[in-house]
Amino acid sequence: GENVEQHPSTLSVQEGDSAVIKCTYSDSASNYFPWYKQELGKGPQLIIDIRSNVGEKKDQRIAVTLNKTAKHFSLHITETQPEDSAVYFCAAETNAGKSTFGDGTTLTVKP
Amino acid sequence: DTAVSQTPKYLVTQMGNDKSIKCEQNLGHDTMYWYKQDSKKFLKIMFSYNNKELIINETVPNRFSPKSPDKAHLNLHINSLELGDSAVYFCASSPLLSRRPLTGELFFGEGSRLTVL
């Protein structure tokens, strides 16, 4: 089955700096790679996603890159703000509709 | 209106009891899921239903029994609760499993925190 590894498990940055979270996956059949943000006491919420036919996608301060050959994808957050502090999950999904999640990264943005 | 709603939000119970968590989505989605999030925040899929049909059943003890009376509801019943069942259980729904391509965004509920004493 699919195995998704996510690094780092915790990340602390100063407000205004950039944050990068990296994930690798094992199943070459995976073709959808979403990123979710989970705030305290809430359910995960999609912030950006990328499909296997695209190498990069950007939405304001967040961007995701995908390298299908190397089976890795990354989340980039620029100009971080305290409200970006949360747990971030990457996931990889196959056509069977099953999402395998990474173990999460706790991002802390210090004012 | 809440898109994916779960009840109860908190559940505290004794070992050996039987309990249920209910989930409803008003998004018109065909596919619903149960995920378990443990104390380390790891998110693991438990079950998935597509149009009331079970399509994903991970290695979950048979004390856990999902039930989908219609495509807008997916309930989780747990028998003989154990200490290790303590976790946050998330219900989610997704729109795209009924047609190609199959992949799509998951919409999560707010979670149900189960504490087994």
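The values are calculated or read from the model by the stated rules, or taken from the named source; none is laboratory data. Predicted model, so just to flag it, every value in this text is computed and none were measured. Ideal geometry is used to build each Cβ from the backbone, glycine not excepted, and the neighbour counts take in all protein chains shown. Only protein heavy atoms, including side chains, enter the accessible area calculation; ligands, DNA and RNA are left aside. Shrake-Rupley method; radii C 1.70, N 1.55, O 1.52, S 1.80 Å.
I'm checking my understanding of the structure. Among residues of the stretch B:35-53 that are under 19 Å from A:Y88 (Cα atoms) and hydrophobic (A, V, I, L, M, F, W, C), which one is surrounded by the fewest Cβ atoms within 10 Å (Cβ to Cβ)? Top of the filtered list is B:F42.
Yes/no per residue for (1) more than 27 Å from A:S9 (Cα to Cα); (2) without any contact (Cβ under 8 Å) to a residue 60 or more places away in the chain:
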residue: B:R63; (1), (2): yes, yes
residue: B:N75; (1), (2): yes, yes
residue: B:S80; (1), (2): yes, no
residue: B:A92; (1), (2): no, no
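In this structure, is B:P69 in a loop (DSSP other than H, G, I, E, B) and open to solvent by 60 Å² or more (accessible area, probe 1.4 Å)? Answer is no for this residue.
The number of residues in the stretch B:8-34 being open to solvent by 60 Å² or more (accessible area, probe 1.4 Å) and either facing chain A (nearest Cβ under 10 Å) or among the small types (G, A, S) (or both) comes to 1.
When the strands (runs of 3 or more DSSP E) confined to chain A are screened for residues that are away from chain B (no Cβ under 14 Å), those reaching at least 1 such residues are found at A:4-7, A:10-14, A:19-25, A:56-59, A:62-67, A:72-77, A:105-110.
When you check A:Q45 against the structure, is it under 30 Å from B:R113 (Cα atoms) and either in contact with a Gly (Cβ under 6 Å, 6 or more places away or on another chain) or open to solvent by less than 20 Å² (accessible area, probe 1.4 Å) (or both), yes or no? Here the answer is no, as A:Q45 does not meet what is asked.
Identify all residues within the stretch B:71-105 that are modelled with pLDDT under 90 and within 14 Å of chain A (Cβ to nearest Cβ); write none if there are none.
First, pick out the residues of the stretch B:71-105 that are modelled with pLDDT under 90: B:71, B:94-105.
Within the stretch B:71-105, B:S94, B:P95, B:L96, B:L97, B:S98, B:R99, B:R100, B:P101, B:L102, B:T103, B:G104, B:E105 qualify.
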